[in-house]
Structures are given as C-alpha cells and as structure tokens.
Amino acid sequence: MTGAGGIRTTCAYCGVGCGVVMTPDGAGGFSARGDEDHPANFGRLCSKGAALGETLGLEGRLLAPIVDGVEADWDTALDRVATAFSQAIAEHGPDSVAFYVSGQLLTEDYYVANKLMKGFIGSANIDTNSRLCMASSVAGHKRAFGEDVVPGTYADLEEADLIVLTGSNLAWCHPVLHQRILAGGAKVIALDPRSTVTADSADLHLPLKPGSDVLFWSGLMGYLRAHGHWNADFAGHVDGLDPAMPYPTIPEVAAGTGLSSTQIAETYALWAATKRVVTIYSQGVNQATDGSDRVNAILDCHLATGRIGIPGAGPFSVTGQPNAMGGREVGGLANMLAAHLDLENPAHRAAVQSYWASPTIADKPGLKAVDLFDACADGRIKALWIMCTNPAVSLPKADAVRAAIANVPFVAVSDIEAETDTTRLAHVLLPALGWGEKDGTVTNSERRISRQRAFLPAPGAARADWWHMAEVGKRMGWADAFNWSSPAEIFAEYAAMTALSVSFGKKLDLTPLAHVDYDMMAPVMWPVGGAERQFADGAFPSGKARILSPRAGAAPNAVEFHLNSGRVRDHWHTMTRTGRSATLSLHIAEPFVEMHPADAATLGVAPASLVRLSNAHGDVTLRALISDRTSPGTLFAPIHWTGETASAARINILVEGATDPVSGQPALKAGRVTATALNPAWYGFAVSAAKPVANTAYWARARTSHGWQMELADMAPTQDWTAFAQALIGAPASDPITVEDRKRGIARVALMQDGVLVGAFFAAPDPVSLSRGFLRDLIGQGDAQAALAGRPGAGMPDPGPTVCACFGVGLNTILTAIKGGAATVEQIGAALNAGTNCGACRPEMAALLPQQSIAAE
Ligand SMILES: Nc1nc2c(c(=O)[nH]1)N[C@H]1C(S)=C(S)[C@@H](COP(=O)(O)OP(=O)(O)OC[C@H]3O[C@@H](n4cnc5c(=O)[nH]c(N)nc54)[C@H](O)[C@@H]3O)O[C@H]1N2
Ligand SMILES: Nc1nc2c(c(=O)[nH]1)N[C@H]1C(S)=C(S)[C@@H](COP(=O)(O)OP(=O)(O)OC[C@H]3O[C@@H](n4cnc5c(=O)[nH]c(N)nc54)[C@H](O)[C@@H]3O)O[C@H]1N2
Ligand code: SF4
Ligand SMILES: [Mo]
C-alpha cells in the first residue's frame, strides 16, 4: 500500500509489530518512520525500528543458490533438495527428514512449510525456534484455556492500574510497549533476578532468586484465597479451584525467593486489591524446565480472580519474534496442526487432510527442537532443511548442535546471509528475500495481523521462502497442492481454512479475510469480527478453564555460577541484521558478562578485564562488567555474539539442553558454569576502514560509520606490533607510524594509505582506555598524530559511549548537560535531542539524573 507518505509495512523485529512507513531518503536508500495509524505503535518506533533503513545494504547477502560450495541456478538447487528429501523418505521413511523453521518467517511461508511436512511428506518433524521462545506459553495457554490464545490487547496496558512485569526486560526488548505503559501511568512492579533498565524504571523491583517463580505465584494464589479474592461469579467457568490446596505461605515464599516477607505481603495485597492488573511475562518465565508451570501459576491467579479479558486486566505473554504468533496459528510447532487444530485429535486430522486433499497426514507429534538436533546427532535424520534461523548459535549445547548438523547427510539452508555459523554447514544454500523485499503477513502479541510489504526489488536471484518450499513440493510430485503464484493466494487458502477452527469451537477465525484485498489489507485482530478481548464471558474453547496449581520444585543450589542470558537494547539475536548498522552496534559493542562485585573480588576479576566461563561443554571469553545489577552467584551474558562477531562468545555452547517436560522448551536461562579471571599478556583496540581479522585469544568486532572497530587480547606478547597491526586490518602496504614503549608494554600504530588513516591499533598490558568514539571518526581523515594520541585534544570534548542511538548522543555529553542544569529527561531532550525519537534510551537517561524519574512521553 503506497500512500503519499511512503510504503506502509511492519517492523522486522520484535513481536510488538509496529507499523512502519518507509520513504525514499533521496540518496538511494529508505528511511523509517512510525505509522501514526497503526494500532500497535501509533507512530512510535524504538531504536531498532528507527534504524531499519540502515540494514538494507546488500553486503554479505546470499544472492544466488549455492550447491556444494559452488554457485548454481535455481533448477539445479531445487532439484537437489527435492531429490535428497525424496530419497531419504523412500529409503528411511518420512520421519527421517525434518524442517527447522523460524518465528521470523511470514505466515504464508510458515503455512507452506507445514502443509508440505505434515500433509504431504507425512511427518510432523517440523519445529521452530519458537520452541526456544514461546513453547511454554503455548503449553500454558492450551492447558488452561484449551487453545493458544492471548486474551488481552495493548490498550489494556494503558487502562491498567497495576502492571507486573516478570521475566521480561520490556524496556529493551519491547520498547514501544514499555513506552505505552509509561504513558498509561499504571503502577509497575518488575520481578526479575537482575536489575534491568525495566526494573530501574518500575515503581518496585523484586529481585527474586532465579527459578523461584512458581513459588511466588502459587503463594499469591494462596493469599488470594485466604483473603477472599477468589471470584465467586467467575468460579463457574473454572475447574480446579480447590479450597484445600496447600499453597505456600508467605514465610515459605520468602525463604525460596530470597525476598522479604514484608515486600511479598505488600505486593500480594496490592495485586489482590487491584482489579485492573496485567501480568506481562516472557523469556524469564518461558525458558525454564518448569516454564509451563510458571505460565500456569500466573494464569491461575488471573482465572481465580476473573481478571481476564476485561479492560485493563489479564495475563499477557508478549511474543518475541515478529511472527511468533502467526507461526503458532498455522501449526509451526511439531505438536500442532494448522489452524489451531490438534495433531492428537483424529477428527482434527481428518478435517485438515480433507481440506488439503492430501495423500497423508502426520498422526503423531514430531521431534521438538532439542530432540530434533539430538536425532541429527545420532543419525536418525537423513535430510534437514533450516530456514530463517541460526541454530548453531541460538540452541543450547551449540557446539554439539553444530556437530549434529554436520552429521546430517543432506542439509539445505534458506537464509539471507552468505556467512553464518549455520550456512557454513549447508550442502545447498537457498537465497531468501529479506525484510523490505518480501510480501506477506505477521501476527503480533495482541493477535493483530499486519502486512509486511516489499518496497525493494528482489536482489540477485533471491526468492521468497514460500517459493523455495512450493518449488520443492512441486518437484516432489505434488504440483497442484503447491501451485500458488503469490503470497495473497496462500493467505486466502489459510484464512478460509480457519473455518475448521471455528467448527471445532476455537477462537482463531480469519474467514472474513479469505477474500480481502490483500494489498490494501489494514491491520486486523483475530477473531476477525469478534471481540477484541477474550474470555471475560467465560466461554473457553475447553468449556471450562483449568486451574493447574503447579507445585514449586526445590530451588537449585548455587555451587557454581548460575548463567542467566538475554538481550541488549540495540541488537537482535545473532546480529545478522543489526550488526550491519553502525548506529545500533555502538550502544554495546562487545560481548560481556555481568558479575557481582563480591564474586569479582573472590575471583580476582578486575573491571573491564576478561573472564572465561566454562563447563563440560566448552568455554567462552567475555568482558567483565562488574555490577551489583546481578546478584552474587548469578552471571548474565547477552546472546547476540557469534563466530562472526567475536572469538569465543557463543554462550549457548555452555547451556545444557534440559527441557520442560510439557512444552519441550529448553532452560536457556539456567546455565551452570565456573568462572575464572583471564590474565592476557596484552589488551588491544583497533579501528579500521576494512573488516579486521584476528586469531588472538579474544577479539570482538563491530561496525562503525567509517568502517570497523575491534577489541582484542592475547595470552602471548607480540614481537612486531607494526606487522601485527598491518595484518589485522588487512593493509600490509600501508605506511605505519609506530610509537612503542617496550618497558611498559605499550604500543600505538597509525596506518596511513594515500594520505588518509586506514587503521589505528593500540596495545597495553591493561584494558585499553581510549576515546573510542574519537578514534572511530578519524578513519578516512588525514590526522595520524591525533590517532596516535588516542583521545581528543583540550578543545574537543569526548562524547563517551553512545546512550541515544537515534541521535548518536554520548554519555559524557548527557552528563555535561545534567551538570549544566538539565533536571529531567525532557530537558535533556530539549538540549540535545537525546531520547526524543524512539525513547528507548529514556530509562537509561533517567537513571543518570539525581532524582531518577521518567515522565511519560
Ligand atoms: N533488543 C532486542 N529486542 C528483542 C530481541 C532481541 O534480540 N533484541 N528478541 C525478541 C525475542 S525473539 C524475544 S523472545 C524477546 C525476549 O524478551 P525478554 O524476555 O524481555 O528478554 P530476555 O533478555 O531474554 O529476558 C528477560 C529477563 O528474564 C530474566 N530472568 C532470567 N531468569 C529468570 C527467572 O528465573 N525468573 C524471572 N522472573 N526472570 C528471569 C532476565 O534477567 C532478563 O532480564 O525479545 C524480543 N525483542
Ligand atoms: N542462551 C539463550 N539462548 C537463546 C535465547 C536466550 O534468551 N538465551 N533466546 C532464544 C530465543 S527466544 C530465540 S527467538 C532464538 C533466536 O535465534 P535465531 O532464530 O537463531 O536468531 P536470528 O539471529 O534471528 O536468526 C535468524 C536467521 O535468519 C536469517 N534471516 C533473516 N531474514 C530472513 C528471511 O526473510 N528469510 C530467511 N530464510 N532467512 C532470514 C538471518 O540472516 C539469520 O541467519 O534464540 C534463542 N536462544
Ligand atoms: S518495538 Fe521496536 S523492534 Fe519492536 S516492532 Fe516496534 S519498532 Fe520494531
Ligand atoms: Mo524469541
């Protein structure tokens, strides 16, 4: 849909699903602005959305099919995939093949994948990275309601009086929803073992012990019963309310969560007294061996009080990926069928098979993600197709997963990038269309379907993911069933199919969209034409809702370190897209591990030094961020760095594959590791015009607006710093200017070529302290002496690390403005523009102010 203002589409990143308008920037590119009319964001965007225009470049893109390492045409590549799958099925049966797909596929792609695997190949061996993400919420919803339905809407966040955020760093991971909460003015409580930016901006932060969630929520259930808050009117819609259930007492909750009895009692009283309460949860709840129980413990409290589906109240599982929800609708998980129908139900299976007129239908659940890669390791899987996900980085036991993929006789990978830790393992690589080039639909956390629209031409030979699969389906002998010419046709087939869900009493209803004008389709919630909020009337798909009253397991004992993991504000997963943007790469430019000062003191870890985390599966090396934001015994590391961006920072090498028995979701937030201080012979820092390459014990590289920067360290000293620097930045013929103090072990090298600086390198025995921002901007300039100085002269202040990504405003600049009298986030914004675009840095800026308060936008 092209209006006067540009092309309307939906953001590529998180499950908030913000509407974006892309307009040509006059320089051959596009710039992004929030769509004022989109009900998810009403014009807002976060730093990642605002920088979408910067990630559209074709550098590093996969632009042609590759077969056994050699560029090939489409026919050769597709024939090879079809033959490999058909042969494996003929020799070893349908369960010898598998697809591993992604919540970043569009609904149309996902629908085709499911149809091909479950209806035509006849296996349910299709699982998705949503297993790592939303599986526990799906299981929790199905157990409680009989269908995977998020009852509430984003408007509830503005109408609520109290919002509990648990296991969610919403300010960084769903920034626009966080903005909406601040604007709505509800009281906010954050339940997270770590002090996050979300916790800082909440009215109360409860740092519960990792894994004590079920205890906390079942304690609330008992409190609600004891104080007469179970809702008698709603009780008729709910099974399992038990007056005799032994729920934990407040002292028991205090002992297990590490919170004080007073804090717990006050929080319980507030929750009990507030009718309009929304509980938002995500990965801190889902990614655990008792993830489904945590979800049900939360749902129990909302069901028992009838606080569900009414304005301003309800449980709210926020989805991670842009189409986590759409994938669930079309049966993306190994234990579901399309259109919310159940694989185990013979009537559902028959209905789906007849709708597809398919030769077969999978009749037992397939392998879930972690088991699927175990089956690759032990030889059960003979052909595997990975689409739109990077499992060699993002799955637990990542090194074992890499070996498992390498063990599969035939591997196809559809991706947009040529070089990832996963594409390297493929026999056939299929180039996909990326965001901005592809067309289809996504469903966000509040069940709202929006169009993603192409505004760029297909680059090279790249084609849409649905087309890859449809072509393979045709070549496997099912020409009629996969004969679509556009995503609109696929969407129409799927929308019409939801008549089946309706006939089985489910809420998923898209039937009015079966004949919609796809190009013009405006954002719309399902059930289409039905109530926006679900279940206030007690009409659950399972008849009555179920109270599960899960029992809390024993808290893990903390002998080694507990390794928590998650996200940072400006990066997305394995960084294949955000890593292209200099703006997004500079907020946090290196992999790190947060460690409590007491643990750092015990281990002898100095600030900004390096730490090695290890266990039986392997080890990683990360920068130490010593901080009381994490508690003693618990470490936190981000998930974003890969073999492409750092030497040894794939933290999932260390994470066990233990899974929730109900949902199969792995406990990604519960690694067990030992930590040791690393004592490198030297630390280094480099800026360069070309991509730097090192094989030192530690390195991490990031994009800058003039090239690259790299942090380094190594265990052995280097004899010739000049040669080292020239090799590092790939400029052996450059003119070096080297200043060296051998006694102190300090070296500085500036590399000039044709009169401009192409690289600068610094080494020292301690972590290198320099003005990195200043050095980055010297690349391409003529000033070698300034580069050797490593920091600006007196006349030029050092802006410090970036806080506001949108306007590139540094920490020191903000502190100077505060010293100069700026007393609120608004005043900083008026002076520097910082925080006035996406607002994602507003909580960070507020934390710099003496009185620490943030007003809503
Ligand atoms: N910037 C950015 N945004 C993103 C993404 C991204 O990569 N980058 N990815 C998107 C995706 S796919 C997802 S799934 C979401 C994830 O969004 P979130 O779930 O909000 O993000 P995480 O950082 O994974 O984890 C949330 C919090 O869980 C806490 N936690 C850990 N263990 C426990 C526990 O035992 N109990 C409780 N209560 N809390 C615990 C962690 O300390 C962490 O602060 O973000 C989406 N948005
Ligand atoms: N320890 C730990 N591990 C985690 C988590 C955690 O909190 N802790 N979180 C987990 C969660 S919630 C998630 S969602 C996963 C995410 O993990 P992944 O899904 O593995 O991460 P991405 O980097 O988003 O991978 C997407 C891939 O698809 C490619 N791509 C992008 N667009 C397209 C397209 O249109 N078509 C195709 N074919 N390819 C495309 C990208 O280049 C990239 O290679 O990580 C999980 N792993
Ligand atoms: S909150 Fe940010 S990343 Fe998420 S959809 Fe909106 S703009 Fe995109
Ligand atoms: Mo996710």
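The values are calculated or read from the model by the stated rules, or taken from the named source; none is laboratory data. Here the structure is a predicted model, which is why all the values come from computation and not from measurement. Cβ sites come from the backbone with ideal geometry, for glycine too, and all protein chains shown count toward neighbours. Side chains are part of the model used for accessible areas, which takes the heavy atoms of the whole protein and leaves out ligands, DNA and RNA. Shrake-Rupley method; radii C 1.70, N 1.55, O 1.52, S 1.80 Å.
The single condition from (1) of a type in the set (A, V, I, L, M, F, W, C); (2) open to solvent by less than 10 Å² (accessible area, probe 1.4 Å); (3) assigned to a strand (DSSP E or B); (4) modelled with pLDDT under 95 that Ala637 fails is (4). Listed by position, the strands (runs of 3 or more DSSP E) enclosed by the range 658-717 that each have at least 1 residues that are closer than 16 Å to Leu728 by Cα are 682-688, 698-704, 707-714. Across the range 303-315, not a single residue is classified as surrounded by fewer than 24 Cβ atoms within 10 Å (Cβ to Cβ) and over 21 Å from Asp161 (Cβ atoms). Considering every residue within the range 748-766, establish whether at least one is closer than 30 Å to Leu848 by Cα and not assigned by TED's automatic domain parsing to the domain that holds Thr583. Yes: one or more hits.
Do we have any residue at all in the range 112-131 that's within 16 Å of ligand 3 (Cβ to nearest atom), closer than 30 Å to Ala658 by Cβ, in contact with a Pro (Cβ under 7 Å, 6 or more places away or on another chain) and in contact (Cβ under 8 Å) with a residue 12 or more places away in the chain? No; the residues of the range 112-131 include none that is within 16 Å of ligand 3 (Cβ to nearest atom), closer than 30 Å to Ala658 by Cβ, in contact with a Pro (Cβ under 7 Å, 6 or more places away or on another chain) and in contact (Cβ under 8 Å) with a residue 12 or more places away in the chain.
The residues of the range 490-523 that are over 21 Å from Leu337 (Cβ atoms) and surrounded by fewer than 16 Cβ atoms within 10 Å (Cβ to Cβ), listed by number, are Pro512, His515, Asp517, Asp519, Met520, Ala522.
Conditions (1) at pLDDT 95 or above; (2) closer than 30 Å to His427 by Cα, marked per residue:
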site	(1), (2)
Ala4	no, no
Cys11	yes, no
Ala40	yes, no
Ala84	yes, yes
Pro94	yes, yes
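Residue count for the range 388-407 satisfying the condition of being crowded, with 24+ Cβ neighbours inside 10 Å and in contact with a Phe, Trp or Tyr (Cβ under 8 Å, 6 or more places away or on another chain): 6.
When Ala589 is tested against (1) away from ligand 3 (no atom under 16 Å from the Cβ); (2) closer than 21 Å to Gly140 by Cβ, exactly one condition is not met: (2). Filtering the range 566-580 to residues that are away from ligand 2 (no atom under 12 Å from the Cβ) and either open to solvent by 40 Å² or more (accessible area, probe 1.4 Å) or touching a Lys or Arg at 6+ places or on another chain (Cβ under 7 Å) (or both) leaves only Asp570. Under the condition of being under 22 Å from Ile189 (Cα atoms) and open to solvent by less than 50 Å² (accessible area, probe 1.4 Å), the residues counted in the range 231-259 number 7.
Just one of the listed residues (Thr289, Thr262) is without any contact (Cβ under 8 Å) to a residue 12 or more places away in the chain and either of a type outside the set (A, V, I, L, M, F, W, C) or open to solvent by 10 Å² or more (accessible area, probe 1.4 Å) (or both), namely Thr262.
In the range 37-49, the residues that are not assigned by TED's automatic domain parsing to the domain that holds Arg577 form Cβ pairs under 6 Å with partners that are of a type in the set (Val, Ile, Thr) and within 16 Å of ligand 2 (Cβ to nearest atom), at six or more places apart or across chains, as follows: Ala40/Val16. Scanning the range 809-836 for residues that are closer than 22 Å to His178 by Cα, touching a helix residue (DSSP H, G or I) at 6+ places or on another chain (Cβ under 6 Å) and either polar (S, T, N, Q) or not in a helix (DSSP H, G or I) (or both) yields Val809, Ala834, Gly835, Thr836. A Cβ distance below 9 Å, combined with a sequence gap of six or more or placement on separate chains, defines the contacts here; from the range 517-530, residues that are within 9 Å of Lys507 (Cα to Cα) reach no residue that is assigned to a strand (DSSP E or B) and acidic (Asp, Glu). The single condition among (1) open to solvent by 10 Å² or more (accessible area, probe 1.4 Å); (2) in contact with a strand residue (DSSP E or B) (Cβ under 9 Å, 6 or more places away or on another chain); (3) away from ligand 2 (no atom under 16 Å from the Cβ) that Ser96 does not satisfy is (1).
Within the range 549-563, restricting attention to residues that are in contact with a helix residue (DSSP H, G or I) (Cβ under 8 Å, 6 or more places away or on another chain) and either within 13 Å of ligand 1 (Cβ to nearest atom) or on the phi > 0 side of the Ramachandran plot (or both), the residue that is modelled with the lowest pLDDT is Ala555. Could you tell me whether the range 598-606 includes any residue that is part of a strand (DSSP E or B), open to solvent by 10 Å² or more (accessible area, probe 1.4 Å) and either modelled with pLDDT under 95 or of a type in the set (Val, Ile, Thr) (or both)? No, the conditions are met nowhere in the range 598-606. Ala334 fulfils the conditions (1) open to solvent by less than 10 Å² (accessible area, probe 1.4 Å); (2) farther than 28 Å from His573 by Cβ except for a single criterion, (2).
The strands (runs of 3 or more DSSP E) found entirely in the range 95-207 that carry 2 or more residues being within 16 Å of ligand 1 (Cβ to nearest atom) and touching a Ser or Thr at 6+ places or on another chain (Cβ under 7 Å) are 97-101, 162-166, 187-191, 204-206. When Leu224, Leu220, Leu191 are checked against the criterion of being in contact with a Pro (Cβ under 9 Å, 6 or more places away or on another chain) and open to solvent by less than 10 Å² (accessible area, probe 1.4 Å), a single residue qualifies: Leu191.
For Gly122, the criteria (1) buried (at least 24 other Cβ atoms within 10 Å of the Cβ); (2) more than 30 Å from Gly34 (Cα to Cα); (3) of a type outside the set (Val, Ile, Thr) hold in every case but one, which is (1). Among the residues of the range 561-583, just one is within 12 Å of ligand 3 (Cβ to nearest atom) and part of a helix (DSSP H, G or I), namely Thr578.
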